[in-house]
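Have a look at the structure below before the remarks.
The values are calculated or read from the model by the stated rules, or taken from the named source; none is laboratory data. None of these values were measured; they are calculated from a predicted model. Counting neighbours? That spans all protein chains shown, and the Cβs are built from the backbone with ideal geometry, glycine included.
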Amino acid sequence: MVGHGDIRVVHRGGSKINSRQPVITQDSRFLLCASGECVKVFSTSTEECVHDLRGHTDAVTGVLLNPSNHLQAYSCSADATVRLWDFTEGIHIKTYVIGYPVSCIYASAHHEGVIFVVTPMLNDKRSEVFQLVAVHLPQSGDQLVEALELSAVVSDVSSNPAAMGFGKGGEFIASAKGLHLEVFFFKKQKTYRFPLKEDNKKGGKNTFMCVACHQKEDCIATGHEDGKIRLWRNFSHKKEYTYSTLHWHHSAVSSLCFTPEGTNLLSGGLESVLVQWRYNQESQRDFLPRLGSAITHIAVSPDGALFCTSHSDNKITIIQSSVKVSAVIQGLVKGESVRTDLMVDPRSKSLVLNGKPGQLQFYSLQRDKLLYNLDIVQQEYIHESGLEQFEVVKAAFDASGSWMATVEERNEKAAELELNLKLWAFDEQTQSFVLNTTISTPHEARITDMCFCHAADSQTTMLVSTSKDGHFKAWQLSAAAHTEDEGPSWSCDFVGAYHSLVPERCCFSADGSLLAVSFQEVVTVWGPASWELLTTLSQPPQAIRDLCFGRLSCSKYLLGTTASKLLCCWNLLTCSLEWSTAMDVSLLLADPLTENMAAFCFHAGGTDLFVFQPSEPRPLFSHKAVCLGKVTRAIFSPREEMLESCEESSQWLNRSQLHFLTQYMDLMTFTTEAEEERLLASSRQLVVDDSVAMTPFYLLLGKHRRQETEDAVSSSLSSDTVPQSSAAIKQLLQTPAHVMPSTSYLCSMFVQSLLISVTDTREENKHAEEKMDSEREEEDSEEEMEPSDPRPQQASDACSLTKAQLRELRRVRNQDHSWSAGFL
Amino acid sequence: MASFKPTKVQVYPKLGEKVTQDTLYWKNYKAPLHIKEFGAITNIDFSPVAPHNFAVTAFTRIHIYGPFSQEPVKSFTRFKDTAYCGRFRSDGQLLVAGCEDSVVRLFDVSGKVALRMFKGHTKAVHVADFISDRYQILTGSDDYTCRLWDLPNATELNTYQEHTDYIRCGVASKLNRDLFITGSYDHTLKLFDARVDKSVMTMDHGQPVESLLLYPSEGLLVSAGGRNVKVWDLLKGGQPLVSLKNHHKTVTSLCLSSSGQRLLSASLDRHVKVYNTTNYKVVHNFDYAASILSLALAPDDESIVVGMTNSILSVKHRKSLEDSKEISGQQRRRPLYRVFVKGKNHVPKQDDYLVSKPVKQHLAKYDKQLKKFNVTKALDTALETWTRHRKPEITVAVMKELDRRGTLKNALAGRDEQALARLLNFLIGNVVDPRFAPVLVTAAEMILDIYRSVIGQSPVVDRQLLRLQELLEKEIDYQQDLLEVMGMLDTMFASSFPRMEVPCPGISRANGLAGGDGITSRPQIQAT
């Protein structure tokens, strides 16, 4: 066995950003949202991620602005801590240890030094019963503080953060669970409970979904499962409470929010329409439709200028002045399962998988950013639960990335399967895929596998699809037969079958000269040129699960895995079994750039990874217990730049990277230690500071600072060429200003240190001489100089920068002189 | 913010022939002009000089028509019996014609009486042509001989007695003054050289030869006889090049298009077929009312003239540019050019800034209703008379979309007698169409479910339901028959194909889509 000391499995991007309500900062410039184990700070104007607040060791369950300091934010996590951050700088300030997993966090300006968290009942941690706990934050200078003063406020609350809210400046807290609304008044220390009937007459469901409280008046808005919104008033009396009902949503209201001034109520749900109700004039509503997918949370900026909705497709939309979508922050869309394989787009090198219903997403792995969604189905998506819609189930790219094939299916009833095979051509002009051919009902039953011929030099592109109807079909691009002005389109070239068995897998050899199709336990090998059945290979007794040709020097090998825990390797030159080993391989994968193959083996609840070459059955690398559960999707993605690792165990990662999806839809990858270090270093260097406003102070100080850093960089760069200059600059830069000698004294030394090349000096001297010569000439030259002045300043070279400064300095002196001369 | 995506209307491949460049070219003729002659029209010949009059030989007359005249500009009637093969000389001045009474007559195109009479044949002369030196005439006759005549003094120069049956066609070379070819009912074509006294080449056509045609280069010879059209390579010693069998009755006439790229053949089966001369595939087809005896194309393909057995001469003129302009003139009821360029040619100044206006999306009526979730109204708009009759695919697409949204039942319910009758009418018209069956069968099931309680209340609806039932029963019978036929065919294919090593079904090269439709739609229909 080969050791795997320095190769680790890490999360690589694509975490959820829609799990909790996002928070907009006081100045509306940043957006904070919980994303996996960290809090992400996005700029609301540029959609860029500014900071990653890392520190939690479990999923972050809530983010909240510190009500007493608007530049700080609390975050709570299932790791039983609450952390305080400075989000503008991305600095971790403090950790409060609660001792229980926290599922939500609340705070109010009226309760200083207290935060309210929802934890499981104190007596047993694993129970499903939650309570609201007030935590008095101890005043301490330490980084790590244990919060001991816990006092239960409301017991038996919902763990859903939307089901609770502070009202009227923190006078009361309203919490809903099941069919009860509970209001706790802090002054009276009293709880009122308002129950609703199980079901009203029309069969609607009354269960509370979310709660929002008016900040100025005594009013609580609650959203219900049947789409109704109830506005509760006069609830400070147990008996005389009233409520009015608003109804627009056709399915459950998932989020409610009052604007800070309390003039509007926002609601959203599955319909993906943001509804804006006028407070006290509820018949007037504004709609913002077509937000893409179901709204899960709504947040409003403290000044009420920005709304922000998070959606079920891992997206946050920022809405400006309540009518216009100004920014969309989109994460990797992950449904319950990935129907398509993971693929890499050969052009953009992005990861491709199905995302939003009926769409394919192109996700950049390097930048951890969704590039774009391609609408495959091209049908209006109806936001209604329980509706069977078209879904993308298969996709394939050809070797050059100029063709893509997709299969969409809709299976409303068992008997009726609607299938469409679509072929997309890459359009150079628009840089996206354009629909070329739609084949409706390409097969009579579900398509099991699909692959393009990967030979790069072949004249015609060929696609093979296998289906449960017992046939496999080859599709080929053919020129238009008639003269209507349409380009080439795809048509069926060959239909093959083998003893009426069901084909499961198909695979082209690297040069495209062979096609292997597995029919249950038999592998048939066909010649695509003449469509002759060349040979059959078989390894009974179980059906073939995966089929894969070797690459490069191993292209004579065909590998297959069977359901009976067997990995076989056939040699196609001798048409015989080369080797086989007993392994329960759940996924077999070939690296397109090297000879390596990866096999994920499901074994006793976990998955092991083996990397090997088909020519020898000894693994190059193996990793035990990569993750829990089965790995069914994985992909080798090419690296942008090769790694130079010479260790045997990590050489397979040099040219491409292996990504895989776990059972819980986490995207993981393998990294080496060296790579991680490099990544960390690069992230430290790249501090994006694009969102800092251009105040006069910044202009003054920022420029100065930039120069300084550039100086430092240049000095470090030129240190080996002119060692004496670095010393001078260092001295100049490191000495405090008040102990420095006068500038005129330093100047000559400084200039001396900068005289590097001969040409530069001459030019400098010439300029100087010119200026000395005569005043009039100097006036002219000055005017000439003026426009050319910004150029050297812009240049990144620090030497020229300082030179320009010097020149300016001298000119000022000259001007001074001329001015006094004029006086005289 | 995504915009509304309109309903996808499935585009079905157009049935029937595909539009090619040839179809466009050969369709670009005006409606035919019919001229009644006195008898079956056996020959049509165009004058080689402008204005390209043509001589039509029919019964005992030869009429000469101008290119656009409906009446003959000239007629030769001095024949004792049926005239044959009126042909112009290459200068268009003289015309020669054979006759049933074995006399060959030569006419001046401007005169009326025959200039010369060539007597010598003993039976009807069906072939007469000028040799390319313009002073000799070639004739072929039913007395199995073909002769050369001297034009100035009307003497016979030579007689060739090689054929053993009637000579019914012949053509003289236009490049060589000594060569001519005759075709006979003895199935042979013979190439004669006037410098020697016998044929220099003999080709066997296999059927009585009816017509001959030389290519302009005279390297290829086309012969028609029986149902076959054969092309011979004269430069390779009369080697057969292609044999075409596209007619199902005797081919009577041959003709080349002006470019030499297309070959036309006319037959007694009332068709004129156009072949591509590079691959000899039929690229176009004309239908006529009666069996065709003769065919000619004007220079530059300006008109197609066809003579038929029912003594009707059909003349089709090519549409001129003015005509096509007229059509485009009709199309120009659209907004003026300046409406389109309005503001487009504005050159922005330096400090202008662009206010972008969202592009208004145009939606079809039914899409507008669908956008508002008005399902019943959407279906109503899709069922409007014009759409229902002309574009049933739109109606079906809307139904499919409603079904996908799960609201088809709501849209179908709550209709009065008239609306329901309209709906049922549409179903009866289209439910057996294999393109629409999957959607309409679902809709039909829903209609029956919804309106089960009102059956018997309206005679109109009841009648339509009965019609629907009949239609479905008939369709099921058809499907059963089809399946039987397919079964028979399968056994035939299986037995006729040689046993291959590769055990894949015989029909595996077929697309499989067309065959599949019939099978898949059947159980759905039974379910109703």
* To do: State whether the residues of region B:132-151 include one that is over 35 Å from the mean Cα position of the chain (by Cα), of a type in the set (G, A, S) and surrounded by fewer than 19 Cβ atoms within 10 Å (Cβ to Cβ).
  => no
* Any chance B:T42 is surrounded by 21 or more Cβ atoms within 10 Å (Cβ to Cβ) and under 16 Å from B:G307 (Cα atoms) -> yes
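Table: residues versus (1) of a type in the set (S, T, Y); (2) more than 27 Å from A:S650 (Cα to Cα); (3) in contact (Cβ under 8 Å) with a residue 60 or more places away in the chain; (4) assigned to a strand (DSSP E or B).
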| residue | (1), (2), (3), (4) |
| --- | --- |
| A:G512 | no, yes, no, no |
| A:L533 | no, yes, no, yes |
| A:G560 | no, no, no, yes |
| A:T574 | yes, yes, no, no |
| A:A598 | no, no, yes, yes |
* Asked: Of the residues that sit in region A:124-155 and are within 24 Å of A:R193 (Cα to Cα) and assigned to a loop (DSSP other than H, G, I, E, B), which one is modelled with the highest pLDDT?
  -> A:V129
* Please give the strands (runs of 3 or more DSSP E) falling wholly within region A:1-91 in which 1 or more residues are in contact with a Lys or Arg (Cβ under 7 Å, 6 or more places away or on another chain). => A:30-35, A:38-43, A:49-54, A:60-65, A:72-77, A:81-86
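Give region A:274-292 a look and list any residue that's touching a His at 6+ places or on another chain (Cβ under 8 Å) and under 27 Å from A:L65 (Cα atoms), or say none.
Looking only at region A:274-292, we keep the residues that are touching a His at 6+ places or on another chain (Cβ under 8 Å), and these are A:275, A:279, A:291-292.
Once the filter is applied, which keeps residues that are touching a His at 6+ places or on another chain (Cβ under 8 Å) and under 27 Å from A:L65 (Cα atoms), region A:274-292 yields A:V275, A:Y279, A:L291.
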* **Wholly enclosed helices (runs of 4 or more DSSP H) of region B:343-412 bearing at least 3 residues within 14 Å of chain A (Cβ to nearest Cβ)** => B:365-371, B:392-404, B:408-412
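Would you mind finding the one in B:L423, B:L354, B:L379, B:L427 that is over 45 Å from the mean Cα position of the chain (by Cα) and of a type outside the set (F, W, Y)? Walk me through it before giving the result.
Values: B:L423 fails: over 45 Å from the mean Cα position of the chain (by Cα); B:L379 fails: over 45 Å from the mean Cα position of the chain (by Cα); B:L427 fails: over 45 Å from the mean Cα position of the chain (by Cα).
None of the other options fit; the residue is B:L354.
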* **Filter result (within 14 Å of another protein chain (Cβ to nearest Cβ), in contact with a strand residue (DSSP E or B) (Cβ under 6 Å, 6 or more places away or on another chain) and among the aromatic types (F, W, Y)) within region A:343-394** => A:Y372, A:F390
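Considering region A:159-169 alone, what residues qualify as being assigned to a loop (DSSP other than H, G, I, E, B), under 19 Å from A:K190 (Cα atoms) and modelled with pLDDT of 80 or more? Even if it seems obvious, please write down each step before you answer.
Keep residues of region A:159-169 that are assigned to a loop (DSSP other than H, G, I, E, B), which gives A:159-160, A:168-169.
Add one more test, that the residue is under 19 Å from A:K190 (Cα atoms), and what stays is A:168-169.
If the condition is that a residue be assigned to a loop (DSSP other than H, G, I, E, B), under 19 Å from A:K190 (Cα atoms) and modelled with pLDDT of 80 or more, then A:K168 is the only one that fits.
Yes or no: A:T483 at pLDDT below 90, more than 11 Å from chain B (Cβ to nearest Cβ) and surrounded by fewer than 15 Cβ atoms within 10 Å (Cβ to Cβ)?
Numbers: at pLDDT below 90: yes; more than 11 Å from chain B (Cβ to nearest Cβ): no; surrounded by fewer than 15 Cβ atoms within 10 Å (Cβ to Cβ): yes.
Judged against the criteria, A:T483 is not a match.
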* State whether the residues of region A:514-521 include one that is closer than 22 Å to A:P617 by Cβ and either within 14 Å of another protein chain (Cβ to nearest Cβ) or touching a Pro at 6+ places or on another chain (Cβ under 7 Å) (or both). => yes
* Asked: Do you know which residues across region A:403-428 are touching a Ser or Thr at 6+ places or on another chain (Cβ under 6 Å) and either more than 18 Å from A:Q476 (Cα to Cα) or within 14 Å of chain B (Cβ to nearest Cβ) (or both)?
  -> A:L419, A:N420, A:K422
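With the condition kept exactly as written, say whether any residue in region A:294-301 is surrounded by fewer than 17 Cβ atoms within 10 Å (Cβ to Cβ), away from every other protein chain (no Cβ under 14 Å) and closer than 30 Å to A:N69 by Cβ.
Keep residues of region A:294-301 that are surrounded by fewer than 17 Cβ atoms within 10 Å (Cβ to Cβ), which gives none.
So far as region A:294-301 goes, no, none of its residues is surrounded by fewer than 17 Cβ atoms within 10 Å (Cβ to Cβ), away from every other protein chain (no Cβ under 14 Å) and closer than 30 Å to A:N69 by Cβ.
Any residue that is farther than 23 Å from B:V305 by Cα and touching a residue at least 12 places away in the same chain (Cβ under 8 Å) - is there at least one of those in region B:59-67? Reasoning before the result, please.
First, the residues of region B:59-67 that are farther than 23 Å from B:V305 by Cα: none.
No: zero hits.
Please note which strands (runs of 3 or more DSSP E) are completely contained in region B:48-166 and include at least 3 residues that are closer than 26 Å to B:L33 by Cα.
Values: elements: B:54-58, B:61-65, B:72-76, B:83-88, B:94-99, B:104-108, B:114-118, B:125-130, B:136-141, B:146-150, B:155-160.
In region B:48-166, the matching strands (runs of 3 or more DSSP E) lie at B:54-58, B:61-65, B:72-76, B:83-88.
Would you confirm, using the coordinates I've provided, whether A:S400 is small (G, A, S), within 14 Å of chain B (Cβ to nearest Cβ) and either part of a strand (DSSP E or B) or out of contact with any Cys (no Cβ under 9 Å at 6 or more places or on another chain) (or both)? Don't jump to the end; show me each part of the working.
On the way: small (G, A, S): yes; within 14 Å of chain B (Cβ to nearest Cβ): no; either part of a strand (DSSP E or B) or out of contact with any Cys (no Cβ under 9 Å at 6 or more places or on another chain) (or both): yes.
No; evaluated as a whole, the condition is false for this residue.
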* To do: Test each condition in (1) out of contact with any helix residue (DSSP H, G or I) (no Cβ under 6 Å at 6 or more places or on another chain); (2) crowded, with 17+ Cβ neighbours inside 10 Å; (3) within 14 Å of chain A (Cβ to nearest Cβ) for B:K74 and report the one that comes out false.
  => (3)
* Output the residues belonging to region A:351-377 that are under 12 Å from A:G14 (Cβ atoms) and either in contact with a helix residue (DSSP H, G or I) (Cβ under 8 Å, 6 or more places away or on another chain) or assigned to a loop (DSSP other than H, G, I, E, B) (or both). => A:G355, A:L365, A:R367, A:D368
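Could you please let me know if B:F38 is over 30 Å from B:T381 (Cα atoms) and in contact (Cβ under 8 Å) with a residue 60 or more places away in the chain? Step through it out loud before you land on a result.
Details: over 30 Å from B:T381 (Cα atoms): yes; in contact (Cβ under 8 Å) with a residue 60 or more places away in the chain: yes.
Here the answer is yes, as B:F38 does meet what is asked.
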* Name the residues in region B:434-451 that are in a helix (DSSP H, G or I) and either without any contact (Cβ under 8 Å) to a residue 24 or more places away in the chain or among the charged types (D, E, K, R) (or both), would you? -> B:E445, B:D449
